[in-house]
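Novice: My questions all concern the structure below.
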Amino acid sequence: RKRQREGDVMADLLPPGLQPYKRTRTFTFTDTPQGILSRHNTREGTWGLIHVQKGVLLYDILEGETRTTVLESGGIPGVIHPQEWHKVTLVSPDTEFFVEFWGRPGEGV
(Lines give C-alpha, C1' and ligand atoms only; values in the text may rest on other atoms or scores of the structure.)
Protein backbone atom coordinates (compact mmCIF):
# COMPACT_ATOMS: atom_id res chain seq x y z
CA ARG A 1 0.00 0.00 0.00
CA LYS A 2 1.34 3.39 -0.99
CA ARG A 3 1.85 5.78 1.90
CA GLN A 4 0.04 9.03 1.25
CA ARG A 5 1.61 12.36 2.04
CA GLU A 6 -0.17 14.50 4.61
CA GLY A 7 -1.05 17.32 2.20
CA ASP A 8 -2.61 14.91 -0.29
CA VAL A 9 -5.20 13.59 2.17
CA MET A 10 -6.15 16.66 4.24
CA ALA A 11 -9.32 17.24 2.22
CA ASP A 12 -10.37 13.62 2.84
CA LEU A 13 -9.76 13.76 6.59
CA LEU A 14 -12.17 16.56 7.51
CA PRO A 15 -15.60 17.68 6.34
CA PRO A 16 -15.63 20.51 3.78
CA GLY A 17 -15.87 24.09 5.00
CA LEU A 18 -13.68 23.71 8.11
CA GLN A 19 -10.82 26.07 8.85
CA PRO A 20 -7.89 25.74 11.27
CA TYR A 21 -8.21 28.14 14.19
CA LYS A 22 -5.79 26.99 16.89
CA ARG A 23 -2.67 24.89 17.32
CA THR A 24 -1.07 23.57 20.49
CA ARG A 25 2.60 23.94 21.12
CA THR A 26 4.77 20.96 20.30
CA PHE A 27 4.60 18.38 23.09
CA THR A 28 7.37 15.92 23.96
CA PHE A 29 7.68 12.73 25.98
CA THR A 30 8.58 14.69 29.12
CA ASP A 31 6.19 17.66 28.93
CA THR A 32 2.89 16.39 27.51
CA PRO A 33 0.11 17.55 29.88
CA GLN A 34 -1.60 14.80 31.88
CA GLY A 35 -4.96 15.89 30.47
CA ILE A 36 -3.89 14.84 26.97
CA LEU A 37 -2.62 11.49 28.24
CA SER A 38 -5.93 10.84 30.03
CA ARG A 39 -9.46 10.39 28.67
CA HIS A 40 -10.76 13.71 27.30
CA ASN A 41 -12.78 15.09 24.38
CA THR A 42 -13.24 18.13 22.16
CA ARG A 43 -16.22 20.43 22.29
CA GLU A 44 -19.15 20.37 19.88
CA GLY A 45 -18.12 21.46 16.38
CA THR A 46 -14.40 21.11 17.07
CA TRP A 47 -12.30 18.70 15.03
CA GLY A 48 -8.65 17.97 15.75
CA LEU A 49 -5.68 16.66 13.80
CA ILE A 50 -2.81 15.02 15.70
CA HIS A 51 0.43 15.69 13.84
CA VAL A 52 3.39 13.52 14.90
CA GLN A 53 6.63 15.32 14.06
CA LYS A 54 8.99 12.75 15.50
CA GLY A 55 8.68 9.27 17.00
CA VAL A 56 5.56 7.17 17.55
CA LEU A 57 2.26 7.88 19.32
CA LEU A 58 -0.77 5.68 20.06
CA TYR A 59 -4.11 7.40 19.53
CA ASP A 60 -6.94 5.63 21.39
CA ILE A 61 -10.55 6.43 20.49
CA LEU A 62 -12.58 5.55 23.59
CA GLU A 63 -16.07 5.40 22.07
CA GLY A 64 -17.71 1.98 22.43
CA GLU A 65 -14.95 -0.52 21.85
CA THR A 66 -11.52 1.14 22.10
CA ARG A 67 -9.82 1.60 18.74
CA THR A 68 -6.08 2.24 18.68
CA THR A 69 -4.21 3.84 15.80
CA VAL A 70 -0.43 4.01 15.58
CA LEU A 71 0.65 7.47 14.42
CA GLU A 72 4.20 7.99 13.15
CA SER A 73 6.19 10.99 11.99
CA GLY A 74 5.64 11.61 8.30
CA GLY A 75 2.34 9.73 8.36
CA ILE A 76 -1.26 10.80 8.07
CA PRO A 77 -2.53 12.79 11.08
CA GLY A 78 -4.92 11.26 13.58
CA VAL A 79 -8.43 12.69 13.25
CA ILE A 80 -10.34 13.70 16.39
CA HIS A 81 -14.09 14.01 15.83
CA PRO A 82 -16.17 16.54 17.82
CA GLN A 83 -16.97 15.39 21.37
CA GLU A 84 -15.19 12.06 20.79
CA TRP A 85 -13.53 10.64 23.91
CA HIS A 86 -9.87 9.83 23.30
CA LYS A 87 -6.35 9.82 24.74
CA VAL A 88 -2.81 9.47 23.47
CA THR A 89 0.22 7.50 24.63
CA LEU A 90 3.73 8.46 23.59
CA VAL A 91 5.58 5.27 22.67
CA SER A 92 9.12 6.43 22.07
CA PRO A 93 11.10 8.91 24.22
CA ASP A 94 11.86 11.05 21.16
CA THR A 95 8.17 11.58 20.30
CA GLU A 96 7.08 15.12 19.42
CA PHE A 97 3.57 16.09 18.32
CA PHE A 98 1.03 18.89 18.20
CA VAL A 99 -2.74 19.14 17.78
CA GLU A 100 -4.38 21.43 15.25
CA PHE A 101 -8.02 22.41 15.87
CA TRP A 102 -10.51 22.99 13.05
CA GLY A 103 -14.06 24.35 12.96
CA ARG A 104 -16.60 26.19 10.85
CA PRO A 105 -16.32 29.97 10.59
CA GLY A 106 -18.94 31.63 12.77
CA GLU A 107 -19.13 28.66 15.16
CA GLY A 108 -16.56 29.79 17.69
CA VAL A 109 -13.79 29.99 15.08
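The values are calculated or read from the model by the stated rules, or taken from the named source; none is laboratory data. The structure presented is a predicted model; accordingly, all values stated were derived computationally and were not measured. Reconstructed Cβ throughout: ideal geometry from the backbone, glycine too, with neighbour counts over all protein chains shown. To get the accessible areas, we keep the full protein, side chains included, count just its heavy atoms, and leave off ligands, DNA and RNA. Shrake-Rupley method; radii C 1.70, N 1.55, O 1.52, S 1.80 Å.
Novice: May I ask you to compute the full-extension gain from residue 72 to residue 92, defined as 0.36 nm times their residue separation minus their alpha-carbon distance, rounded to one decimal in nm? Don't jump to the answer; show the numbers that get you there.
Specialist: On the way: separation 20, 0.36 × 20 = 7.20 nm, distance 1.03 nm.
Gain on stretching residue 72 to residue 92: 6.2 nm.
Novice: Averaged per residue, what accessible area in Å² does the stretch 20-73 show with a 1.4 Å probe, protein chains only?
Specialist: Per residue, the stretch 20-73 has 59 Å² of solvent-accessible surface.
Novice: For the stretch 7-58, what is the Kirkwood hydrodynamic radius in Å, using each pair of distinct C-alpha atoms?
Specialist: On the way: mean 1/r = 0.0747 Å⁻¹.
Across the stretch 7-58, the inverse of the average 1/r is 13.4 Å.
Novice: Here's another thing I want to ask about it. For the chain, give the magnitude of the charge dipole about the Cα centre (Cβ charges: +1 Lys/Arg, -1 Asp/Glu; no others), in debye to the nearest 20. List each step's numbers first, then the result.
Specialist: Numbers: 13 positive and 14 negative charges, 31 e Å.
The calculated dipole for the chain is roughly 140 debye.
Novice: In debye to the nearest 20, how big a dipole does the stretch 16-61 give about its Cα centre with +1 on each Lys and Arg Cβ and -1 on each Asp and Glu Cβ?
Specialist: Numbers: 6 positive and 3 negative charges, 30 e Å.
The calculated dipole for the stretch 16-61 is roughly 140 debye.
Novice: Add +1 for every Lys or Arg and -1 for every Asp or Glu among the other residues with Cβ under 10 Å from the Cβ of residue 95, and state the total.
Specialist: On the way: positive: 54; negative: 72, 94, 96.
Charge balance in the 10 Å sphere: -2.
Novice: First select every other residue whose beta carbon is under 9 angstrom from the beta carbon of residue 45; then total the charges, Lys and Arg +1, Asp and Glu -1.
Specialist: Details: positive: 43, 104; negative: 44, 107.
Value of the local net charge: 0.
Novice: Using helices alone, I'd like the mean residue ellipticity at 222 nm for the chain: each DSSP H run of four-plus residues gives -39500 (n - 2.57), total over residue count, nearest 500.
Specialist: The helix contribution divided over the chain gives -2500 deg cm²/dmol.
Novice: Set Lys and Arg Cβ to +1 and Asp and Glu Cβ to -1, take the dipole of the stretch 70-109 about its Cα centre, and tell me which of 77, 88, 102 lies farthest positive.
Specialist: The listed residue farthest towards the positive side: 102.
Novice: Tell me the carbon and sulfur percent of the accessible area for the chain, rounded to whole percent, probe radius 1.4 Å.
Specialist: So the carbon and sulfur contribution to the accessible surface is 49 percent.
Novice: Around residue 67, under 15 Å between beta carbons, what's the net of Lys plus Arg minus Asp minus Glu among the other residues?
Specialist: Taking every other residue near residue 67 into account, the sum is -2.
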